[in-house]
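The values are calculated or read from the model by the stated rules, or taken from the named source; none is laboratory data. These numbers were taken from a predicted model, which means no experiment stands behind them. A quick note on method: Cβ atoms are made from the backbone with ideal geometry, for glycine too, and the neighbour counts reach across all protein chains shown. To get the accessible areas, we keep the full protein, side chains included, count just its heavy atoms, and leave off ligands, DNA and RNA. Shrake-Rupley method; radii C 1.70, N 1.55, O 1.52, S 1.80 Å.
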Amino acid sequence: MLKLIGNFLKIIIAFAIISVLIIGGIFTVRTYKNTNTVNSYRSDVQTLADQAGIGNYTDVILGIMYTESKGKGTDLMQSSESVYGSRGKISSQQESIENGVKHFAESYKQAKAAGCDLNTAIQAYNFGTKYIQYVQERGGKNSVELAEEYSRDVLSPGYGNDQQHTYRYMQMQSVLYNGGYLYQNGGNMFYAEIVQMNKRFIDLFQRFQNS
């Protein structure tokens, strides 16, 4: 009986290991393809970033692009709302990149002038630049806890969610932090962390390609 249980446990463990390897392999291949797609816009992003005086942050901007669209579709940087106040107004990928770089440049320069860290600028790409003053008044350093406060207490109610309604958001960062949810109309309080993670993926696969 004990031998039978032991063999059964071995089968379960082997199955679990194989499942993890398969899922990991699928994730790796998919991420590799997506980073290649995003990296195909590197030259355009670099040129525009240089012109905006933020050429050292091209990889951050590509991380934003990866987060927003994975380099697919017309509005690669999801910049329509920051320019026109609503979605679906961007007519070309070039327009999206131009406005996305401009939006991040404004966020970065305002954050730097306010003495805030880089992640504040990244988070402000999602929340809007009013978030920068909010962080400045609370120590100048972005955190998920601070972003949650702003999402819950400022941004979400400002767009009508006075009851703090939430919805499922099953990303690694959100699952580990709160079980996987965001506040309705409250932006993405994990945005800076996700962009930084995607930036690392882009850097990793680029080095792999160049090796």
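State whether the residues of region 42-51 include one that is on the phi < 0 side of the Ramachandran plot and touching a Phe, Trp or Tyr at 6+ places or on another chain (Cβ under 8 Å). The answer is yes; a qualifying residue exists.
The residues of region 104-139 that are within 18 Å of TYR57 (Cβ to Cβ) and either charged (D, E, K, R) or not in a helix (DSSP H, G or I) (or both), listed by number, are GLU106, LYS109, LYS112, ALA114, GLY115, CYS116, ASP117, THR129. Within the option set ARG30, ARG87, ARG42, being at pLDDT 95 or above, among the basic types (Lys, Arg) and out of contact with any Gly (no Cβ under 8 Å at 6 or more places or on another chain) holds for one residue only, ARG42. Of the listed requirements (1) open to solvent by less than 20 Å² (accessible area, probe 1.4 Å); (2) within 17 Å of VAL195 (Cβ to Cβ), SER80 misses just one: (2).
Among the candidates GLY139, GLY186, GLY180, the residue that is farther than 20 Å from THR67 by Cβ and modelled with pLDDT of 95 or more is uniquely GLY139. Each residue in region 91-118 was checked for being at pLDDT 95 or above and either out of contact with any helix residue (DSSP H, G or I) (no Cβ under 6 Å at 6 or more places or on another chain) or over 24 Å from TYR134 (Cβ atoms) (or both), and 17 of them qualify.
Only residues that are over 14 Å from the mean Cα position of the chain (by Cα), surrounded by 16 or more Cβ atoms within 10 Å (Cβ to Cβ) and not hydroxyl-bearing (Ser, Thr, Tyr): list them for region 110-141, please.
If we filter region 110-141 for residues that are over 14 Å from the mean Cα position of the chain (by Cα), which is where we start, we get 110-117, 128-141.
From the residues that got through so far, the ones that are surrounded by 16 or more Cβ atoms within 10 Å (Cβ to Cβ) too are 110-111, 114, 116-117, 128-129, 131-132, 134-136.
Passing the criteria: GLN110, ALA111, ALA114, CYS116, ASP117, GLY128, ILE132, VAL135, GLN136.
Taken over region 136-159, the criterion of being under 18 Å from TYR108 (Cα atoms) and among the hydroxyl-bearing types (Ser, Thr, Tyr) is satisfied by SER143 alone.
Here region 74-87 is the region considered, the condition is being touching a residue at least 12 places away in the same chain (Cβ under 8 Å) and not charged (D, E, K, R), and the residue that is farthest from THR129 (Cα to Cα) is THR74. For beta carbons closer than 8 Å, sequence separation of 6+ or different chains, a first residue in region 108-131 that is hydrophobic (A, V, I, L, M, F, W, C) and a second that is not in a helix (DSSP H, G or I), the qualifying pairs are ALA111/ASP117; ALA114/GLY140; CYS116/GLY140; CYS116/LYS141; CYS116/ASN142; ILE122/ASN142; PHE127/GLY187. In summary, ARG168 fulfils each of the numbered conditions (1) touching an Asp or Glu at 6+ places or on another chain (Cβ under 9 Å); (2) open to solvent by 10 Å² or more (accessible area, probe 1.4 Å) with the single exception of condition (1). Considering each residue of region 189-211, count those that are at pLDDT below 95 and either open to solvent by less than 40 Å² (accessible area, probe 1.4 Å) or over 27 Å from ILE61 (Cβ atoms) (or both), and give that number. Selection size over region 189-211: 3. Scanning region 142-165 for residues that are touching a helix residue (DSSP H, G or I) at 6+ places or on another chain (Cβ under 7 Å), crowded, with 18+ Cβ neighbours inside 10 Å and farther than 24 Å from MET65 by Cβ turns up just one, LEU146. Regarding VAL60, is this residue hydrophobic (A, V, I, L, M, F, W, C), open to solvent by 60 Å² or more (accessible area, probe 1.4 Å) and either over 17 Å from ASN188 (Cα atoms) or under 19 Å from the mean Cα position of the chain (by Cα) (or both)? No, not satisfied.
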